[in-house]
Amino acid sequence: MSFPTVRMRRLRRTESLRRMTRETRLSRDDLVLPLFAVEGTGVRQPVASMPGVERLSADQIAEEAKRVADLGIPAVILFGIPAEKDARGSGADARDGVVQRAVGAAKRAAPDLVVMTDVCLCEYTDHGHCGLLDGDEVANDLSLERLAATAVSHARAGADVVAPSDMMDGRVAAIRRALDAAHCESVPILAYAAKYASAFYGPFREAAESAPAFGDRRGYQMDPPNRREALREMQLDLDEGADALMVKPAVPYLDIVRLIRDRFDVPLSAYHVSGEYAMIKAAAERGWIDGEKVMLETMLCCRRAGADFILTYAAKDVAARLAP
């Protein structure tokens, strides 16, 4: 049958009809808020390139955790910016490190909030790379022990989920072994499995003070033209013990999200990264778009592509717009 018997507009006429026939829904349960932890007390440092985002000391992380929980957002993910950095990224697994203290503060303030931690060395090394160096090369195998030790320290501090973002080969297996040996076998791993060497990360590197001192990360992060390679990365991380997977960035890589969703039946996330967030905010400030509507539509598109949950700096704004 075709027109005029079929009229697709019939079920679009009213908001109630549209609500009844929607294929994809966005809820507060789909959101994770990234937070940047810094040293000190009473610290709230705005990030110039990311309006509405601040770097927070542990006491302020606790306040933010309560606000997030009150909004009905189920989870946050913590990134740490230590006061001092060195070649080994020693602060990454320090018992009293900036993330470790922030984890404890967040869990005490909001016990039911899922606290995830980013596991990487880039924020902690003085060279800004995600692993240890051998000369001017990032040494994959030498980095695995440091990454595993970092994940264990986060778990012992109370992290509910650890999320390795470094893109070293074999790091999921190394982290799984270390967690199990440390009697943290119940802590799941959310693997940044398809993390692309993207130009959309600029504002994050300002916020996290993690820009490489030399070179770039194309030698270990995925090459943007590659699609099939993402399937291999996902399969390898699952084989090594990952419990959930991530695609990063989100919107420019929704074809990858759909590809992974169709292939693997495991929890899948998309990271709506700093550059994507900043672009919407900048256009909204200039009056070129309705920022709130565009942000909501963006989150919905991530869900429609197949993401089960979305890491986004807009989580609080989006949650406030959604029905409980």
Take V318 and decide whether it is closer than 28 Å to G170 by Cα and either open to solvent by 20 Å² or more (accessible area, probe 1.4 Å) or in contact with a Ser or Thr (Cβ under 8 Å, 6 or more places away or on another chain) (or both). no
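Filter the range 282-315 down to the residues that are open to solvent by 40 Å² or more (accessible area, probe 1.4 Å) and either under 22 Å from D118 (Cβ atoms) or among the hydrophobic types (A, V, I, L, M, F, W, C) (or both) and list them by number. Spell out how you get there, then give the answer.
Within the range 282-315, the first condition is being open to solvent by 40 Å² or more (accessible area, probe 1.4 Å), and the residues that meet it are 285-290, 292-294, 297, 300, 303-304, 308.
Those that are open to solvent by 40 Å² or more (accessible area, probe 1.4 Å) and either under 22 Å from D118 (Cβ atoms) or among the hydrophobic types (A, V, I, L, M, F, W, C) (or both): W288, I289, V294, L300, D308.
Matching residues to (1) in a strand (DSSP E or B); (2) in contact with a strand residue (DSSP E or B) (Cβ under 6 Å, 6 or more places away or on another chain):
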position: Q60; (1), (2): no, yes
position: K66; (1), (2): no, no
position: D70; (1), (2): no, no
position: F79; (1), (2): yes, yes
position: R95; (1), (2): no, no
position: V99; (1), (2): no, yes
position: V103; (1), (2): no, yes
Can you go through L33, L11 and tell me which one is in a helix (DSSP H, G or I), surrounded by 10 or more Cβ atoms within 10 Å (Cβ to Cβ) and not small (G, A, S)? L11
Close pairs (9 angstrom Cβ cut-off, 6 or more residues apart or separate chains): on the phi > 0 side of the Ramachandran plot in the range 43-63, open to solvent by 40 Å² or more (accessible area, probe 1.4 Å) anywhere: G52/P46; G52/K281; G52/K316; G52/D317
Any idea how many residues of the range 230-259 are crowded, with 24+ Cβ neighbours inside 10 Å and part of a helix (DSSP H, G or I)? 5
In the list A211, A178, A159, which residue meets the criterion of being surrounded by fewer than 24 Cβ atoms within 10 Å (Cβ to Cβ), in a loop (DSSP other than H, G, I, E, B) and either in contact with a helix residue (DSSP H, G or I) (Cβ under 8 Å, 6 or more places away or on another chain) or of a type in the set (A, V, I, L, M) (or both)? A211
Suppose we filter the range 245-281 for residues that are in contact with a Pro (Cβ under 8 Å, 6 or more places away or on another chain), hydrophobic (A, V, I, L, M, F, W, C) and in contact (Cβ under 8 Å) with a residue 60 or more places away in the chain; how many remain? 2
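Just one of R88, R101, R108 is at pLDDT below 95, open to solvent by 40 Å² or more (accessible area, probe 1.4 Å) and among the charged types (D, E, K, R); which is it? Before you say what the answer is, go through the steps one by one.
Details: R101 fails: at pLDDT below 95; R108 fails: at pLDDT below 95.
Of R88, R101, R108, the one residue that is at pLDDT below 95, open to solvent by 40 Å² or more (accessible area, probe 1.4 Å) and among the charged types (D, E, K, R) is R88.
The values are calculated or read from the model by the stated rules, or taken from the named source; none is laboratory data. Since the structure is predicted, the reported quantities are computational estimates derived from the model, not experimental observations. For neighbour counting, all protein chains shown are included, and Cβ atoms are generated from backbone atoms with ideal geometry for every residue, glycine included. Heavy atoms of the whole protein, side chains included, go into the accessibility calculation; ligands, DNA and RNA do not. Shrake-Rupley method; radii C 1.70, N 1.55, O 1.52, S 1.80 Å.
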